[in-house]
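The values are calculated or read from the model by the stated rules, or taken from the named source; none is laboratory data. Quick caveat: nothing in here was measured; it's all calculated off a predicted structure. Cβ coordinates were reconstructed from backbone atoms using ideal geometry, including for glycine residues, and neighbour counts include every protein chain displayed.
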Amino acid sequence: MIRIYKILQRIFVIALITSCSPEIKETPDQGKHELEKRVTELLNKMSLDEKIGQMSQIDPGMVGSDEDIEQAVREGRYGSFLNLLGAERVNELQKIAVEESRLGIPLIFARDVIHGFKTIFPIPLGMAASWNPEIVKKAFRISAIEASSVGIKWTFAPMIDITWDPRWGRIAESCGEDPYLASVLSKAMVEGIQGEDLTDPTSVAACAKHYVGYGFSEAGRDYNTTYISESLLRNVVLKPFKAAQKAGALTFMSAFNDLNGVPTSGNKFTLRQILRNEWNYDGMVVSDWASVEEMISHGFCADKKEAALKAIQAGVDMEMASDTYSNHIADLLAEGEIDIKLIDEAVKNILRVKIKLGLFENPYIELKAGQKILNKEFLAHAQTVARESIVLLKNEKKTLPLSEDIKSVAVIGPLADAPRDQLGTWVFDGEAKHSVTPITAIKQLLGDKKVNYAQTLKFSRDEDKSRFAKAKLAAKKSDAIVFFAGEEWILSGEGQCRGEINLPGAQTELIEELKKTGKPLVLVFMAGRPLAIGKELTMADAVLYAWHGGTMAGPAITDILFGKYAPSGKLPVTFVKGAGQIPFYYYRKNTGRPSSNKHWTHIDDISVENPQNSLGYKSHHLDYGFTPLLPFGYGLTYTTFEYADLKLSEDEITTDGSIEVSATITNTGQREATEIAQLYIRDRVGSITRPVKELKSYTRVTIKPGEKAQVKFKLTKDDLEFFNGEKIVVEAGEFDVWVGTDSDSGLHGEFSIIN
Ligand code: NOJ
């Protein structure tokens, strides 16, 4: 009898939920009103336990047997699972949630789909090197289509932490150092993941992470302390998050790090004041894995109960993996430590996401997974993105592109045929067996006979030199050497940080040996971070930086090596000379004592007797000097571009004015190629010191040999304003503007802002 009653009750509730669904898309305000009404009606039916259940996310492995998991779902103990795999199982559990739990609230299944699900795209840092939001958006759309086909409706991407530290393994997952570029890509990623219509079966909820400051972990040691001033936070670190919010990211993830003494999962300033109050964010905040409980280790909370208290007070709606909410929220409420309003607010944020995704109407997935993964179109796009992510760092004597008619080529090195490594970090579902490696692609193009392959080092850290002689033999009988250098995938990513960022193993020594053969030497780097490659760069005739390029890295690199496409990638991070130079980023401050060649003596040129005042008293290292190895924005191609004719529409504007900037670019070389023209500004004097350069815009332009193109930019108030420690301001004064090929060059102009 009770069972029949429960079933009837469920049918009634489901009918009620369905009848409240906003079927007619009216004005945004009406839609919002309907949504809020629906959320509130459902909330009003929920028991305290059901509310707390919605606020908990768990990995099935942590729950117990299949029966335990099913019972937990029936009782509404979890609002979400992460890492639950298999379309059938997803549907089974969803059926229990929808048909057997008291209110029939659907679960949301989450997983880390960071740069592809089955079709793996380049690591996000590689995608960032394309500077191309359209192809990045499509890559994330494809990831969402593949992931949703097996039931994943929420992914923990995009990762949009700004970082200046290549030691930090998670730089691989980031868009690099620049807030403007990261914001452009953040928007593209969110739009790709979520699609045009959230209720579409292929739409997946995005999660802007890690909110916030995680990329500033001390010394690049993962999970470490961060100290970030409010102006750095607002002028740099928050920018891509704001872009994600504006693009409609349904969820945010609070991070692991302690920010200025307050762990970010208990940080009222960043979560409540900035995200909720200033930005009016109405999405859901999930904590990073056990980061609520970890506030005990941080020394911010005495026990789990206090951790739950601080997290909910700060505004974490759903707790991932740890159980402080499920065990302590009810007591905190009973003891009057928290108001029910805090719980209701969290649950509303969660329900809103589930409703927006259409999970109540379409809780199940179609079981036709096979058709939606790794198809031709997806693989072709993976090849396009990998190709556009490649950056040409050096090309002496036009060594590249190699001719397809080359008689023979020596392919050497640990990354030439490393199918798992080329996929990069954060790949749970992509498989090495689908990777097309460089050696396969080169052999496909040239035929086996022309390729003298000598892997020589079996993996990137291999120190075994016993096969060096064979490698030299292969080089000697070839017309050119292509050496695939880099890092294994496991050397970057979460928890995979390095103190030194040089090329591991005996790779550099092998390159030295190959150099001795006198054959044209091309280096292709496949790595999860910008490595310190000064020595190798000097030895090589040509260098490509190809990151971990994903499933189709091999064909993409081959396309560039043999000139089917001209490279167009630009560095999304500064390349340092050595780890001791970190942090080194292009939008640094000038300091009171900027250095220059005039002021700097290299350590080897300092005689023993030199007096102290001979050393310049300027801001530099005696060994590294004052410049990086390669600047942000740098990247060559197979032609040359000349910039001329910088024009500014005004010399002077008011604080709310705008200015148009244009320049002409001529392709002075022999072939068509794409240039990414960049616009930087400098605000010479500010109420707080301002960076020496800031990227404010860029544009892609493809130009035929001998032809010209005009590039145009517009600088508005949004580009000129900054947070000065107290408020957002546009300040009167003199500004520099540059339009050029990277952050270290460009045509220069000036303008003023007057009050
Ligand atoms: C920890 C990582 O920091 C985060 O990026 C990831 O999304 C979660 N684990 C879930 O796997």
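Give Lys32, Lys37, Lys6 a once-over and let me know the one that is over 35 Å from the mean Cα position of the chain (by Cα) and modelled with pLDDT of 90 or more.
Values: Lys32 fails: over 35 Å from the mean Cα position of the chain (by Cα); Lys6 fails: modelled with pLDDT of 90 or more.
It is Lys37.
Note on region 181-220: among residues that are among the charged types (D, E, K, R) and more than 16 Å from the ligand (Cβ to nearest atom), the one that is surrounded by the fewest Cβ atoms within 10 Å (Cβ to Cβ) is Glu196.
Among the residues of region 221-239, what is the count of those that are within 15 Å of the ligand (Cβ to nearest atom) and either in contact with a Pro (Cβ under 8 Å, 6 or more places away or on another chain) or of a type in the set (Val, Ile, Thr) (or both)?
Within region 221-239, the subset within 15 Å of the ligand (Cβ to nearest atom) is 221-224, 226.
Restricting the remaining residues to those that are either in contact with a Pro (Cβ under 8 Å, 6 or more places away or on another chain) or of a type in the set (Val, Ile, Thr) (or both) gives 226.
The qualifying residues number 1.
Restricting attention to region 236-274, the residues that are closer than 20 Å to Leu185 by Cα and assigned to a helix (DSSP H, G or I) total 10. Restricted to region 428-443, and to residues there that are touching a residue at least 12 places away in the same chain (Cβ under 8 Å) and assigned to a helix (DSSP H, G or I), the residue that is nearest to Leu379 (Cα to Cα) is His434. Taking residues in region 71-91 that are of a type in the set (Val, Ile, Thr), and partners anywhere that are in a helix (DSSP H, G or I), the pairs with Cβ atoms closer than 9 Å and at least 6 places apart or on different chains are Val73/Leu93; Val73/Gln94; Val73/Ile96; Val73/Ala97; Val73/Glu100.
Scanning region 327-358 for residues that are in contact with a helix residue (DSSP H, G or I) (Cβ under 8 Å, 6 or more places away or on another chain), in a helix (DSSP H, G or I) and over 22 Å from Lys37 (Cβ atoms) returns Asn327, His328, Ile329, Ala330, Asp331, Leu332, Leu333. Checked against the criteria, Asp178 does not count as touching a residue at least 24 places away in the same chain (Cβ under 8 Å) and within 14 Å of the ligand (Cβ to nearest atom).
Annotation for region 667-679: no member residue is basic (Lys, Arg), loosely packed, with under 14 Cβ neighbours inside 10 Å and in contact with a strand residue (DSSP E or B) (Cβ under 9 Å, 6 or more places away or on another chain). Restricting the first member to region 282-298 and to residues that are of a type in the set (A, V, I, L, M, F, W, C), and the second to residues that are within 13 Å of the ligand (Cβ to nearest atom) and in a helix (DSSP H, G or I), the beta-carbon pairs closer than 6 Å and six or more apart or on different chains are Val292/Ser265.
Selection within region 37-82: residues that are in a helix (DSSP H, G or I) and within 16 Å of the ligand (Cβ to nearest atom). The member of this set that is surrounded by the fewest Cβ atoms within 10 Å (Cβ to Cβ) is Gly61.
Only a single criterion out of (1) more than 14 Å from the ligand (Cβ to nearest atom); (2) in contact (Cβ under 8 Å) with a residue 60 or more places away in the chain; (3) touching a helix residue (DSSP H, G or I) at 6+ places or on another chain (Cβ under 7 Å) is not satisfied by Glu173, namely (1). Evaluation of Ser297 against the conditions (1) part of a loop (DSSP other than H, G, I, E, B); (2) more than 16 Å from the ligand (Cβ to nearest atom); (3) surrounded by fewer than 22 Cβ atoms within 10 Å (Cβ to Cβ) shows that the sole unmet condition is (2).
Every test in (1) over 22 Å from Ile560 (Cα atoms); (2) in contact (Cβ under 8 Å) with a residue 40 or more places away in the chain is passed by Ile676 save one, and that test is (1).
Taking Ala290, is it outside any helix (DSSP H, G or I), within 16 Å of the ligand (Cβ to nearest atom) and not acidic (Asp, Glu)? Walk me through it before giving the result.
Details: outside any helix (DSSP H, G or I): yes; within 16 Å of the ligand (Cβ to nearest atom): yes; not acidic (Asp, Glu): yes.
Yes.
A Cβ distance below 6 Å, combined with a sequence gap of six or more or placement on separate chains, defines the contacts here; from region 605-619, residues that are under 17 Å from Ser595 (Cα atoms) reach residues that are surrounded by 10 or more Cβ atoms within 10 Å (Cβ to Cβ) and polar (S, T, N, Q) in the pairs Lys618/Ser595; Ser619/Thr591; Ser619/Ser595. Applying the condition of being within 16 Å of the ligand (Cβ to nearest atom) and of a type in the set (Gly, Ala, Ser) to region 485-506 and asking which residue is nearest to Leu415 (Cα to Cα) yields Ser492. Checked against (1) assigned to a loop (DSSP other than H, G, I, E, B); (2) under 30 Å from Asn224 (Cβ atoms), Asp464 passes all but condition (2).
Whether any residue in region 663-686 is closer than 24 Å to Trp600 by Cα, under 29 Å from the mean Cα position of the chain (by Cα) and not in a loop (DSSP other than H, G, I, E, B) is what I want to check. Within region 663-686, not a single residue is closer than 24 Å to Trp600 by Cα, under 29 Å from the mean Cα position of the chain (by Cα) and not in a loop (DSSP other than H, G, I, E, B). Checked against the criterion of being under 30 Å from Asp339 (Cβ atoms) and either among the aliphatic types (A, V, I, L, M) or within 23 Å of the chain's Cα centre (by Cα) (or both), region 73-95 has at least one qualifying residue. Are any of the residues in region 359-370 buried (at least 16 other Cβ atoms within 10 Å of the Cβ), touching a strand residue (DSSP E or B) at 6+ places or on another chain (Cβ under 8 Å) and not in a helix (DSSP H, G or I)? Taking every residue of region 359-370 in turn, at least one turns out to be buried (at least 16 other Cβ atoms within 10 Å of the Cβ), touching a strand residue (DSSP E or B) at 6+ places or on another chain (Cβ under 8 Å) and not in a helix (DSSP H, G or I).
Of all residues in region 104-156 being charged (D, E, K, R) and within 16 Å of the ligand (Cβ to nearest atom), which is farthest from the chain's Cα centre (by Cα)? Looking at residues that are charged (D, E, K, R) and within 16 Å of the ligand (Cβ to nearest atom), I get Lys153. Summed over region 196-227, residues that are farther than 23 Å from Gly283 by Cβ and among the hydroxyl-bearing types (Ser, Thr, Tyr) total 5.
Is it the case that some residue within region 313-329 is away from the ligand (no atom under 16 Å from the Cβ), surrounded by fewer than 16 Cβ atoms within 10 Å (Cβ to Cβ) and touching a residue at least 12 places away in the same chain (Cβ under 8 Å)? Yes, some residue in region 313-329 is away from the ligand (no atom under 16 Å from the Cβ), surrounded by fewer than 16 Cβ atoms within 10 Å (Cβ to Cβ) and touching a residue at least 12 places away in the same chain (Cβ under 8 Å).
Could you tell me whether Ala485 is touching a residue at least 12 places away in the same chain (Cβ under 8 Å), over 34 Å from the mean Cα position of the chain (by Cα) and not in a loop (DSSP other than H, G, I, E, B)? Step through it out loud before you land on a result.
On the way: touching a residue at least 12 places away in the same chain (Cβ under 8 Å): yes; over 34 Å from the mean Cα position of the chain (by Cα): no; not in a loop (DSSP other than H, G, I, E, B): yes.
It is false that Ala485 is touching a residue at least 12 places away in the same chain (Cβ under 8 Å), over 34 Å from the mean Cα position of the chain (by Cα) and not in a loop (DSSP other than H, G, I, E, B).
Among the residues making up region 352-391, those that are small (Gly, Ala, Ser) and within 14 Å of Thr119 (Cα to Cα) are Ala369, Gly370, Ala380, Ala382, Ala386.
For Val729, are the conditions met, namely being surrounded by 20 or more Cβ atoms within 10 Å (Cβ to Cβ), over 27 Å from the mean Cα position of the chain (by Cα) and either touching a residue at least 40 places away in the same chain (Cβ under 8 Å) or under 18 Å from Thr668 (Cα atoms) (or both)? Criteria not met by Val729. Entry remark, region 300-326: residues being touching a Pro at 6+ places or on another chain (Cβ under 9 Å) and part of a loop (DSSP other than H, G, I, E, B) number 2 in total. Return yes or no: is Leu275 more than 16 Å from the ligand (Cβ to nearest atom), under 23 Å from the mean Cα position of the chain (by Cα) and not aromatic (Phe, Trp, Tyr)? So Leu275 passes the test.
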